[in-house]
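Please read the structure below before turning to the comments.
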Amino acid sequence: MKAGYNYRFYPTDQQKLSLAQLFGCVRVVWNDALARSKAGKYPGYNVLAKSLTLSKKTEERQWLNDVSSVPLQQSLKQLEIAYKSYFESLNGKRKGKRVGQPRFKKKTNNQSATFVKSGFSLKGKAVYLAKIGNVNPIWSRELPSDPSSVTVIKDCANRYFLSFVVEIEPIQVDAKSQSIGIDLGIKTFAVMSNGDRSSSPNYKELDRKIRFLQNKLARQPKDSKRRNKTRIQIAKLHNRIADIRKDFLHKLSTKIVSENKVIVLEDLNLSGMMKNRKLSRAISQQGWYDFRVLCEAKSDKFGREFRVISRWEPTSQTCSDCGFKWGKLDLSIRELICLNCGTHQDRDENAAKNIQKVGTGHCHDSKRTRIDRKTTKDSKLK
Ligand SMILES: [Zn+2]
């Protein structure tokens with residue numbers, strides 16, 4: 001299976017210039033091809049690659065010859081993949097969250113350029129990129145095998161990364177237990193059916209700083225140097241939050257997936273909950289979505305089974321010990337004593353136990369066949 005390995009690097013001033021030029025060319029090639037596709041219908045990679053070759057001979061686009069042709073072709077390949085996902089999502093061939101139409105690339109977003117075998121090589125500690133030269137990434141961990149491609153990324157906070165795609169073998173680790181159910185919430189990020197709890201890191205302080213800077217940004221004149229500085233400061237803070245969250249989600253998902261054979265999550269209706277625009281809430285919801293994606297990917301990696309049960313399952317309305325149905329509970333009720341069997345139940349842990357039961361078939365997932373919606377992320381968040 002394929003995996004991504006990322007490393008930070010610090011380009012020289014000359015390389016920064018060459019990379020900026022390369023990113024610009026990749027963006028123009030993508031945007032040209034996308035504009036043409038949107039004007040009519042998507043003509044396919046071959047047609048677009050031919051017109052790229054032709055456009056390089058025109059005065060208007062001859063500067064595309066100054067950069068390596070490999071990332072330019074990859075840009076068209078990526079557009080092909082984007083369109084394929086979009087079409088398959090439209091006609092229902094593709095499962096999971098809906099994929100929208102490809103979008104135009106902006107100068108202010110993350111920039112990237114992908115090199116395949118013909119455009120890069122590993123030279124000891126250095127990585128050679130065609131027409132850029134040797135860059136020296138910080139090898140925080142070893143590459144497990146020969147990479148098939150490398151993507152150079154510059155994020156909004158002006159950090160540079162190399163992202164390698166490598167082939168890896170599934171990891172062999174014996175699971176401690178058969179299965180686990182996980183209830184995701186805002187107050188406690190995850191409550192497990194075995195009683196474990198995991199709280200989200202606290203982003204309040206960073207949150208406050210971002211809001212302050214966003215107010216400042218709103219008052220600064222467009223295209224001013226100071227505004228640009230504020231924009232980068234905001235991007236850096238967003239990155240800090242994203243890094244902390246990523247680290248937290250990676251650690252939690254690795255622990256859960258490595259310890260259990262079957263991992264069961266409840267499907268969540270995120271778009272419905274998205275009406276609350278508070279940032280902290282949005283972050284926790286984004287976290288649920290990312291957590292699910294990580295658990296699913298790691299389940300593949302560890303050879304585990306990953307299951308999702310319907311969000312219509314009354315997991316918080318039923319006693320996980322005796323199966324007695326209490327009915328709907330007010331959100332303020334955090335624990336209760338079952339009327340039928342007298343067991344003292346914690347609301348979230350009880351839900352997690354029910355999720356585990358339904359997911360492992362000990363209890364019938366009644367509505368699963370009728371509604372099999374997947375957790376979706378609101379696009380406005382991006
Ligand atoms: Zn009971």
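Where a number appears in this text, it was derived from the coordinates with a stated rule and is not lab data. Remember, predicted model here, so these are calculated numbers, not experimental data. Heads up, the Cβs are rebuilt from the backbone with ideal geometry, glycines too, and the neighbour counts pull from every protein chain shown.
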(request) Could you look through the stretch 84-99, keep only residues that are in contact (Cβ under 8 Å) with a residue 12 or more places away in the chain and in contact with a helix residue (DSSP H, G or I) (Cβ under 7 Å, 6 or more places away or on another chain), and pick out the one that is nearest to LEU22 (Cα to Cα)? (result) VAL99
(message) Just to be sure before I move on: is LYS251 at negative phi and without any contact (Cβ under 8 Å) to a residue 12 or more places away in the chain in the structure I sent?
(response) yes
(request) Only residues that are aromatic (Phe, Trp, Tyr) and within 22 Å of the chain's Cα centre (by Cα): list them for the stretch 94-140, please. (result) PHE104, PHE115
(request) Go through (1) without any contact (Cβ under 8 Å) to a residue 12 or more places away in the chain; (2) under 25 Å from PHE161 (Cβ atoms) one by one and return the number of the condition ALA39 breaks. (result) (2)
(request) For the stretch 317-363, enumerate the residues that are away from the ligand (no atom under 14 Å from the Cβ), part of a loop (DSSP other than H, G, I, E, B) and surrounded by 15 or more Cβ atoms within 10 Å (Cβ to Cβ). (result) THR360
